[in-house]
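Taking it in order: structure first as structure tokens, then the write-up.
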Amino acid sequence: MLIDPCELSPSYVRSIAPYQPGKPISELAREMGLDPAGIVKLASNENPRGIGPRTRAAIDAALAEVARYPDGNGFELKQALSRRYGVDMGSIVLGNGSNDVLELVALAFLGPGRAAVYSQHAFAVYPLATQARGARGIVVRAKNYGHDLEAMAKAVDDETYVIWVANPNNPTGTFARPDEMEAFLRRVPERVLVVLDEAYNEYLPGELRGDSVKWLKRHPNLVITRTFSKAYGLAGLRVGYALAHGSVADIMNRVRQPFNVNSIALAAASAALDDMEFVARSYAENLQGLRQLEEGARKLGLDFIPSYGNFLTINVGRAGEVYKRLLRRGVIVRPVGGAYELPEHLRVTIGTQPENERFLAALGASLKE
């Protein structure tokens, strides 16, 4: 009998349910016969403002060297991050998006016989990265759709090596205050890595944006991950980073693929990091758009989860059916049933004012259908 090559893969890999990204505009256009120019995509938490002029100029300049391999150490970007956050360059790990950095943590510190703790309704990459290494996932029930940090600390057992915490959390948009996070870090044993995923940090109001980088000196088991895909508008270039204790960063860099961040992404991220005016405008416009969607949801009589990110998760009832109706109207949002266990909710990225209006009108019509 012929051997099925799939059976050669470990059972914990074969049982993984693949990550489902937001539907691309081109795919919906093909499926529905729609004009791509008329489709609104609010499914992937992208920045509707695009990129700033400094970043565009850096990309244009980097194109001249695209035939050469990038700097495998990412010196210039690491130097810029080092200056911004006051950390040693040896404490920085660069990734092909922050997802890559999360995978590096799992690759370096998880495996069969080990476990990781994460919350119900948390980012889908945490269970995927954990299971792909043959490690055991410990899922802690959410509290008001957010992380129950006290319960997560209590869930740590002798096999736990990693705790995943998204703050703000995707897809619920919930947020744990800095004092709550510090108290949590003090409770977690030092032998357990706490991965604090701050992909949406730039969307927090100033009074809530605690200086988590300073916690690294007090908690060598802390790993902070951030991304250029959201507020900086570089989702298509895929560049993220981790800040960690030097020894932890060293282990992560040992399993990192050479040239995992391309040269255009490195140049763009270095330029984007210095364009704080662009980030400030992105924050302000996102806040305005968030209020627009909240008010629109209230007028439709819909409940939503208060959000601290660049998206709003709304309870629409039969979310799967409403999602399909929105697609037929040329509006793409994100259903969050399945692994996220929110079958009545849709997650909606904050778009431009016209995009938000288009979504709300389509949602209202879809609910009546």
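A few remarks follow.
- Distance histogram in 5 Å bins (all Cα pairs of the stretch 199-308, percent per bin): 2, 10, 15, 17, 17, 16, 10, 6, 4, 2, 0
- Spacing of the two label points (7 Å from each Cα toward its C-beta) at Ala64 and Asp211, in nm: 3.9 nm
- Each residue was assigned an accessible area with a 1.4 Å probe, and for Ser263 the value is about 30 Å².
- Which of Phe123, Phe228, Phe259 is most accessible, then next, and so on - probe 1.4 Å: Phe259, Phe123, Phe228
- Cα gyration tensor, the stretch 271-369 - rounded (a/c under 1.5), prolate or oblate: prolate
- Translational diffusion coefficient of the chain (Stokes-Einstein, Kirkwood radius from Cα pairs, 4 °C, 1.567 mPa s): 60 µm²/s.
- The alpha carbons of the stretch 1-91 stretch over 58, 42, 30 Å along the principal axes, in descending order.
- The stretch 273-317: relative contact order as a whole-number percent, Cα under 8 Å and 6+ apart: 28 percent
- In the context of the full protein assembly, Glu27 retains an accessible surface of approximately 60 Å², using a probe radius of 1.4 Å and ignoring ligands and nucleic acids.
- Count of lysine pairs in the chain with Cα separation under 22 Å (8 or more residues apart, or interchain): 13
- Beta bridges per DSSP, both residues in the chain: antiparallel share near 50 percent.
- The orientation-averaged shadow of the Cα convex hull for the stretch 77-118, equal to a quarter of the hull surface, comes to 4.0 nm².
- Overall form of the stretch 311-359 per C-alpha gyration tensor (a/c, 1.5; a/b vs b/c): oblate
- log10 of Debye I(q)/I(0), alpha-carbon scatterers only, for the stretch 256-309 at 0.18, 0.20 Å⁻¹: -0.73, -0.78
- Comparing Val195, Val213, Val239 in a Gaussian network model of the chain, where Cα atoms under 10 Å apart are tied by springs, the biggest mean-square fluctuation is seen for Val213.
- Centre separation in Å (Cα based) which lies between the stretch 177-249 and the stretch 22-77: 25 Å
- Surrounding net charge for Gly330, when Lys and Arg each add one and Asp and Glu each subtract one, Cβ distance under 9 Å: +2
- Panel values: the stretch 117-206, Kirkwood radius from alpha carbon pairs, Stokes-Einstein at 37 °C and 0.692 mPa s, translational diffusion coefficient 248 µm²/s.
- Fraction of antiparallel bridges per DSSP, the stretch 261-358 only, in percent to nearest 5: 100 percent
- Ligands, DNA and RNA excluded, the heavy atoms of His245 present near 80 Å² of accessible surface to a 1.4 Å solvent probe.
- Amide H within-cut-off set for Leu193, under 5 Å, with H built and near neighbours excluded: Val162, Ile163
- Contact order, relative form, for the chain: 23 percent (alpha carbon pairs under 8 Å, 6 or more residues apart, mean separation divided by residue count).
- Cα convex hull of the stretch 35-150, projected area averaged across orientations, nm²: 12.3 nm²
- Calculated mean residue ellipticity, 222 nm, the chain: -11500 deg cm²/dmol, from DSSP H runs (n ≥ 4) at -39500 (n - 2.57) each, averaged per residue and rounded to 500.
The values are calculated or read from the model by the stated rules, or taken from the named source; none is laboratory data. These numbers were taken from a predicted model, which means no experiment stands behind them. Cβ sites come from the backbone with ideal geometry, for glycine too, and all protein chains shown count toward neighbours. The area values use the complete protein model at the heavy-atom level, side chains included, leaving out ligands, DNA and RNA. Shrake-Rupley method; radii C 1.70, N 1.55, O 1.52, S 1.80 Å.
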